[in-house]
Amino acid sequence: MYLALTYNLVEDYLARRPAYRTEHLALAVAAHERGEMLLAGALDEPPDRALLIWAGPDRAPVERFVAADPYVREGLVRSWAIQPWKVVIGTAAS
């Protein structure tokens, strides 16, 4: 199963991000190394959202990531959502 985690970011996200970026990236790298997070990044122009793609049997690792993420904890994320992602084209298509 694939899951998309989307973050809706606050207006001053870029200004506030540096204080928490190292901790956020460490969490993301650890999730990637465990094979849970496949891809992640912020959307640009405007930098108002981020998209993180996960793989696994359930939502638990994604929920743990969100709970630990300093971007969420410190209010850089206005809202977030976890949604199943049905891949129809590519090597991961079901």
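The values are calculated or read from the model by the stated rules, or taken from the named source; none is laboratory data. The shown structure was predicted, so the numbers you read here are calculated from the model rather than taken from an experiment. Quick reminder, even Gly has a Cβ in these numbers, built from the backbone with ideal geometry, and neighbours come from all protein chains shown.
Restricting attention to the range 26-39, the residues that are of a type in the set (A, V, I, L, M), exposed (fewer than 13 other Cβ atoms within 10 Å of the Cβ) and either within 17 Å of ALA67 (Cβ to Cβ) or touching a Phe, Trp or Tyr at 6+ places or on another chain (Cβ under 6 Å) (or both) total 1. Could you tell me whether ALA42 is farther than 19 Å from GLU63 by Cβ, of a type in the set (A, V, I, L, M) and either surrounded by 13 or more Cβ atoms within 10 Å (Cβ to Cβ) or at pLDDT 95 or above (or both)? So ALA42 passes the test.
Just one of the listed residues (TYR13, TYR71, TYR20, TYR7) is surrounded by 18 or more Cβ atoms within 10 Å (Cβ to Cβ), of a type outside the set (A, V, I, L, M, F, W, C) and touching a Pro at 6+ places or on another chain (Cβ under 7 Å), and it is TYR13. Restricting the search to helices (runs of 4 or more DSSP H) fully inside the range 1-79 and requiring at least 2 residues that are free of Cβ contacts under 8 Å to residues at least 24 places away in the same chain and within 13 Å of the chain's Cα centre (by Cα) gives 21-33, 60-68.
Return a yes/no flag: does the range 79-86 have any residue that is among the β-branched types (Val, Ile, Thr), touching a Leu at 6+ places or on another chain (Cβ under 8 Å) and surrounded by 12 or more Cβ atoms within 10 Å (Cβ to Cβ). The answer is yes; a qualifying residue exists.
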